[in-house]
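Asks: Below is one structure. I have some questions about it.
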């Protein structure tokens, strides 16, 4: 592996394994063997083990029997539950944020959305990665603007980082354009201080993400009726 020697080995392993999971090179349900991955990456098993543990925490990987690990797979019903829980929590957060958000937070959301608009549609894997990072920051700011530490803690437990990241990489050009428009409309709703408007847009936003996740998982039919 021709990695950057300035990046710690565990971080290199994490970035590469995560990228391979998102791209589908390491498919859902596939076993992850430390020894094999270490050989492929030109690293020792210790940083690979650290990377896998981090990916378990983020929801990309799950433990099997004994010490085995595999790329996380989500049954249709579990996907439905994850996105419905996320939709209800994020709608509540958006409604609270609309009445409590400050000018600095709105300005940051506006800047993030402008950058996302410039990257849409993405032209490279790096563009997809940046969009994913922007999306995470956008939603984090909304949660913080809701001014409820309890809600933030629940959201952190409920929102599966692995599903969110993989969902973004499965978006079609039309999906990404719609997602970016949702972000822009959320900014408009926050500027207007309109809680109902913010909740409505957030609901559509998460339902669209659920549809994309179901499509990536190869599930037939519509998720949540969208």
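Asks: Using Cα pairs closer than 8 Å and at least 6 residues apart in sequence, work out the relative contact order for the chain, in percent. Please list the in-between numbers first.
Replies: Numbers: 257 pairs, mean separation 55.1, N = 226.
Rounded, it is 24 percent for the chain.
Asks: Take the chain, connect every pair of alpha-carbon atoms lying under 10 Å apart with a spring to form a Gaussian network, then pick out the residue of 131, 163, 177 with the largest mean-square fluctuation.
Replies: In the Gaussian network model the winner is 177.
Asks: When the scattering of the chain is computed by the Debye formula from its Cα atoms alone, each counted once and equally, what is log10 I(q)/I(0) at q = 0.09 Å⁻¹?
Replies: Treating every Cα as an identical point scatterer, log10 I(q)/I(0) equals -0.40.
Asks: Hey, another quick one. Pick out which of 79, 43, 89 has the largest mean-square fluctuation in a Gaussian network model of the chain, springs linking Cα atoms closer than 10 Å.
Replies: Looking only at 79, 43, 89, the largest GNM fluctuation is found for 43.
Asks: Given the peptides 188-195, 141-148, arrange them by the average over their residues of other C-beta atoms within 10 Å, most packed first. Could you put the intermediate results ahead of the total?
Replies: Working: 188-195: 17.0, 141-148: 20.0.
Peptide ranking by packing, descending: 141-148, 188-195.
Asks: Would you please classify the overall shape of region 9-71 from the alpha carbon gyration tensor, given that a ≥ b ≥ c denote the square roots of the eigenvalues, rounded means a/c under 1.5, and beyond that prolate means a/b larger than b/c while oblate covers the rest?
Replies: Because its axes are fairly even, with a/c under 1.5, region 9-71 counts as rounded.
Asks: Does anyone have the angle between helix 173-192 and the longest principal axis of the chain? Alpha-carbon axes, 0 to 90°, nearest 10?
Replies: Approximately 40 degrees, to the nearest ten.
Asks: Which value, in Å to one decimal place, does the Kirkwood hydrodynamic radius take for region 118-189 when every pair of different Cα atoms is included?
Replies: 13.2
Asks: Same structure again: Would you mind calculating the relative contact order of region 98-195 from Cα pairs under 8 angstrom and at least 6 residues apart, reporting the percent as a whole number?
Replies: Answer for region 98-195 is 55 percent.
Asks: May I pose another question? Equivalent-ellipsoid semi-axes (√(5λ), Cα gyration tensor) for region 66-184, whole Å, largest first?
Replies: 24, 21, 12
Asks: For every helix of n ≥ 4 consecutive DSSP H residues, a contribution of -39,500 (n - 2.57) applies; sum these over the chain, divide by its total residues, and give [θ] at 222 nm rounded to the nearest 500 deg cm²/dmol.
Replies: -24000 deg cm²/dmol, from helical runs alone.
Values in this text are rule-based calculations from the coordinates and carry no lab data. In this text the structure is predicted, and so the values were computed from the model without any measurement. Glycine also receives a Cβ, built like all others from the backbone with ideal geometry; neighbour counts cover every protein chain displayed.
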